[in-house]
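The values are calculated or read from the model by the stated rules, or taken from the named source; none is laboratory data. From a predicted model like this one, the values you see are computed outputs, not experimental measurements. Cβ sites come from the backbone with ideal geometry, for glycine too, and all protein chains shown count toward neighbours. Please note that ligands, DNA and RNA were not included when accessible areas were found on the heavy atoms of the full protein model with its side chains. Shrake-Rupley method; radii C 1.70, N 1.55, O 1.52, S 1.80 Å.
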Amino acid sequence: MLNVFDATSPIARAPAARLTSVLCIGLFPAWAFAVFNAPIDSFQGVIQKILYIHPPLAFGAYLGFICTALFGALYLWKREPRFDHWALSAAEVGVLLCTLMLLTGPIWGKGTWGRWWTWDLRLTLTLLLYFVYVSYLLLRAFSEGSERAARFAALYGILGLVVVPLNRFAIELSGGRALHPANLNPGDDQLGAGMTSPFVLGVLLVFACFAWLLVRRYELCRLREAVLLQEAESEREDAWAT
């Protein structure tokens with residue numbers, strides 16, 4: 001049986017996997033140190049430090065869903081399975097980061113708003129975005145190996161991308177009636193003194209983790225495909241032998 005954790009396996013030897021793992025290992029202590037030394041917000045208190053991971057997780061989820069659409073479009077154009085594998089991998093990583101975003105958000109909300117959840121436009125669209133791509137994964141799970149399903153999933157992933165800008169600009173679309181705070185970006189002047197560095201490091205860390213997970217998941221797709229081809233070849237040889 002193929003051991004994907006073996007140091008000699010294609011996954012462990014992949015240069016991209018090694019590079020992204022080094023980035024994650026290097027960025028994590030720098031981010032943790034910056035968060036620990038960041039000033040405590042005078043109004044929200046220590047719970048405000050979720051800022052340094054919650055929005056970066058959102059950016060990572062957006063990146064995953066954008067990549068899903070991009071690779072889906074490439075698959076429809078080129079009809080090459082590798083693009084389908086990349087699209088599936090990006091969707092899975094995007095859903096993982098979106099799940100973490102949905103878990104950290106209510107913790108922050110409880111500490112600042114006094115409630116775990118509210119049907120604010122941003123939160124509602126985030127939940128919609130989550131279910132759109134969970135549905136994508138369910139579609140792939142129940143139709144594995146079908147080229148027709150892969151084409152449909154690619155189209156679905158492209159159309160699902162519409163929810164991303166709606167979610168990103170929900171604050172503006174609500175006309176100032178949203179409970180969710182305004183959007184933040186790296187280097188944004190809304191961040192107080194000493195808060196920019198941990199926020200930027202958080203974004204870089206999440207992107208590095210996204211890249212590492214994406215590469216690892218893609219390599220698993222390749223290994224699975226290789227195993228299935230090997231099993232099919234063995235079955236043909238057995239059939240000829242009998």
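Return the only residue of LEU103, LEU88 being assigned to a helix (DSSP H, G or I) and surrounded by 14 or more Cβ atoms within 10 Å (Cβ to Cβ).
Working: LEU103 fails: surrounded by 14 or more Cβ atoms within 10 Å (Cβ to Cβ).
After ruling out the rest, the residue left standing is LEU88.
Return a yes/no flag: does segment 41-60 have any residue that is of a type in the set (Asp, Glu) and open to solvent by less than 30 Å² (accessible area, probe 1.4 Å). Talk me through it step by step, then tell me what you get.
Narrowing segment 41-60 to residues of a type in the set (Asp, Glu): 41.
Filter once more, keeping what is open to solvent by less than 30 Å² (accessible area, probe 1.4 Å): none.
No, segment 41-60 contains no residue that is of a type in the set (Asp, Glu) and open to solvent by less than 30 Å² (accessible area, probe 1.4 Å).
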**OP:** Would you mind stating whether ARG148 is at pLDDT 85 or above, farther than 19 Å from ALA90 by Cβ and in a helix (DSSP H, G or I)?
**Re:** yes
Original post:
Would you pick out the residues in segment 106-120 that are free of Cβ contacts under 8 Å to residues at least 24 places away in the same chain and in a loop (DSSP other than H, G, I, E, B)?
Top reply: GLY114, ARG115, TRP116, TRP117, TRP119
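From the list LEU191, LEU179, LEU155, LEU205, which one is at pLDDT 90 or above and either in a loop (DSSP other than H, G, I, E, B) or open to solvent by 50 Å² or more (accessible area, probe 1.4 Å) (or both)?
Numbers: LEU191 fails: at pLDDT 90 or above; LEU179 fails: at pLDDT 90 or above; LEU205 fails: either in a loop (DSSP other than H, G, I, E, B) or open to solvent by 50 Å² or more (accessible area, probe 1.4 Å) (or both).
One residue alone meets the criteria, LEU155.
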**OP:** Looking only at segment 123-139, decide whether some residue is part of a helix (DSSP H, G or I), closer than 24 Å to LEU204 by Cα, among the polar types (S, T, N, Q) and touching a Gly at 6+ places or on another chain (Cβ under 8 Å).
**Re:** yes
**OP:** Take the residues in segment 125-145 that are over 17 Å from the mean Cα position of the chain (by Cα), of a type outside the set (A, V, I, L, M, F, W, C) and open to solvent by 50 Å² or more (accessible area, probe 1.4 Å), then tell me which one is farthest from THR99 (Cα to Cα).
**Re:** GLY145
Original post:
Cβ-Cβ below 7 Å, separation at least six or inter-chain, first residue in segment 125-146 and touching a residue at least 24 places away in the same chain (Cβ under 8 Å) and farther than 15 Å from ALA87 by Cα, second open to solvent by 30 Å² or more (accessible area, probe 1.4 Å) and in a helix (DSSP H, G or I): which pairs?
Top reply: LEU125/LEU166; THR126/LEU102; TYR130/LEU102
